[in-house]
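Have a look at the structure below, then the notes.
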Amino acid sequence: MQTTDQSRAKQELQARLIEMTAVDEHEVSCLYRDHEILVSRDFEGDDWYIQVFAPCGRMAYDGWWHCSTDKSAEEAVLEALTGALLREKGGE
């Protein structure tokens, strides 16, 4: 069952027209504003690991999202956008 936060995250990702290139239970890869976003975890209940690569190849975000064990993949992508300072830019 989806929580309200998960539903909001899905709606925001759809509104931002984020191109999802791969999705499974524990890994999401997508493109947004020419940035490659990878979020993954080994098992359900683990924290999400987030990487965001800028178009020039530099890391815009690389690290664990602490206390994210109960968060969905969509919420992890939104955290990636926030951490890489892309969420504000995309709100134009």
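List pairs: first in the stretch 44-73 and of a type in the set (Lys, Arg) and surrounded by 13 or more Cβ atoms within 10 Å (Cβ to Cβ), second at pLDDT 95 or above and in a strand (DSSP E or B), Cβ under 7 Å, 6+ apart or cross-chain? These pairs meet every condition: 71/48. For the stretch 25-35, the criterion of being touching a Cys at 6+ places or on another chain (Cβ under 7 Å) and either at pLDDT below 90 or farther than 14 Å from residue 75 by Cα (or both) is satisfied by no residue at all. Only strands (runs of 3 or more DSSP E) whose full extent lies in the chain are considered here, and none of them has at least 3 residues that are among the small types (Gly, Ala, Ser) and in contact with a Ser or Thr (Cβ under 8 Å, 6 or more places away or on another chain). The number of residues in the stretch 4-38 being of a type in the set (S, T, N, Q) and touching a residue at least 12 places away in the same chain (Cβ under 8 Å) comes to 1. Is it the case that residue 84 is closer than 15 Å to residue 6 by Cα, buried (at least 20 other Cβ atoms within 10 Å of the Cβ) and without any contact (Cβ under 8 Å) to a residue 60 or more places away in the chain? No: the conditions fail for residue 84.
The values are calculated or read from the model by the stated rules, or taken from the named source; none is laboratory data. These numbers come from a predicted model, not from an experiment. With ideal geometry, Cβ positions are generated from the backbone for all residues, glycine too; neighbour counts draw on all protein chains shown.
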